[in-house]
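The values are calculated or read from the model by the stated rules, or taken from the named source; none is laboratory data. Nothing here was measured: the structure is a model prediction, and the numbers come from that model. When we count neighbours, we look across all protein chains shown, and the Cβ atoms used for this are built from the backbone with ideal geometry, even at glycine. Only protein heavy atoms, including side chains, enter the accessible area calculation; ligands, DNA and RNA are left aside. Shrake-Rupley method; radii C 1.70, N 1.55, O 1.52, S 1.80 Å.
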Amino acid sequence: MVKTAILVSGGGTNLQAIIDSHIFGEIKNCELIAVISSNPQAYALERAKYAGIPTYIVDRSVFPNRISFTKALVDKLNDIGAQLVVYAGFNFILAPQMVKAFENKIINIHPSLIPSFCGEGFYGLRVHEAVLAHGVKVTGATAHFASDITDDGPIILQKAVDIFEDDTPHTLQRRVMEDAEWKILPEAISLFCEGRLEITGRVVRIKEKPNET
């Protein structure tokens, strides 16, 4: 079982998708050992407690800079023995030492089809506002490994979502979450925990599922 820690900052809708998928056996070989929040008031903590997952707070507001905050997170993750880290609505860009400590062991979900509408400044509703402003016809979500460059790590899974003429940033955000993010993030976690992801440069290959006997 791969010891998995989920990092959150807000309401925890992606966390709930992970919890539900885990409960229904859709995430294989995974042990949810912790939910760590950068915000003491995050509702995601309540979701975790209800599911019986240990919770921890590493409050961003008490640290003077990104480096010290990142070090505290790395220390906590090492203390609890995390083998996989998942950003599920985690709102902060961490220092490079995070990726160095957990290289190719951090999965992030981004609400667009990378490499479009991603990078620093593209988060939350801002992504969907930009998508609509550009008039593109299809958007979606991407599950990828985190790297030193924001939203630039190797792509694990993507799922497309159609854009409707009457969409607003809020309706589009909701549909991207329901139809894409909540589906591919649990799947990416399961693929990692099953040992089915192979990285070569920027390319992630999904290995065939072993025959069950």
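Listing for the model above:
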read-out: Subset of region 7-39 that is among the β-branched types (Val, Ile, Thr) and under 18 Å from residue 123 (Cα atoms) - its residue that is surrounded by the most Cβ atoms within 10 Å (Cβ to Cβ); value: 8
read-out: Qualifying residue in region 83-97 (condition: part of a helix (DSSP H, G or I), over 15 Å from the mean Cα position of the chain (by Cα) and not small (Gly, Ala, Ser)); value: yes
read-out: Tally of residues being over 27 Å from residue 21 (Cβ atoms), touching a residue at least 24 places away in the same chain (Cβ under 8 Å) and not in a helix (DSSP H, G or I) across region 60-82; value: 0
read-out: In region 163-201, the residues that are of a type in the set (D, E, K, R) and either open to solvent by less than 80 Å² (accessible area, probe 1.4 Å) or in contact with a strand residue (DSSP E or B) (Cβ under 8 Å, 6 or more places away or on another chain) (or both); value: 167, 175, 178, 179, 181, 183, 187, 194, 196, 198
read-out: Selection status of residue 111, farther than 29 Å from residue 198 by Cα, modelled with pLDDT of 95 or more and crowded, with 17+ Cβ neighbours inside 10 Å; value: no
read-out: Scan of region 11-59 for residues that are assigned to a strand (DSSP E or B) and among the small types (Gly, Ala, Ser), ordered by number; value: 34, 37
read-out: Test: residue in region 151-160 that is modelled with pLDDT under 95, under 14 Å from the mean Cα position of the chain (by Cα), over 20 Å from residue 15 (Cα atoms) and open to solvent by 30 Å² or more (accessible area, probe 1.4 Å); value: yes
read-out: Sole residue being assigned to a loop (DSSP other than H, G, I, E, B), touching a residue at least 12 places away in the same chain (Cβ under 8 Å) and more than 27 Å from residue 65 (Cα to Cα), chosen from 167, 179, 151; value: 167
read-out: Of all residues making up region 119-145, the number that are modelled with pLDDT of 95 or more and either open to solvent by less than 30 Å² (accessible area, probe 1.4 Å) or in a loop (DSSP other than H, G, I, E, B) (or both); value: 14
read-out: Cross-chain or 6+ apart pairs with Cβ under 6 Å, region 117-140 first and within 14 Å of residue 93 (Cβ to Cβ), then surrounded by 11 or more Cβ atoms within 10 Å (Cβ to Cβ) and modelled with pLDDT of 95 or more; value: 118/110; 118/112
read-out: Selection status of residue 101, of a type in the set (Gly, Ala, Ser), open to solvent by 40 Å² or more (accessible area, probe 1.4 Å) and more than 24 Å from residue 43 (Cα to Cα); value: yes
read-out: Conditions (1) within 26 Å of residue 187 (Cβ to Cβ); (2) of a type in the set (S, T, N, Q); (3) free of Cβ contacts under 8 Å to residues at least 24 places away in the same chain: number failed by residue 41; value: (1)
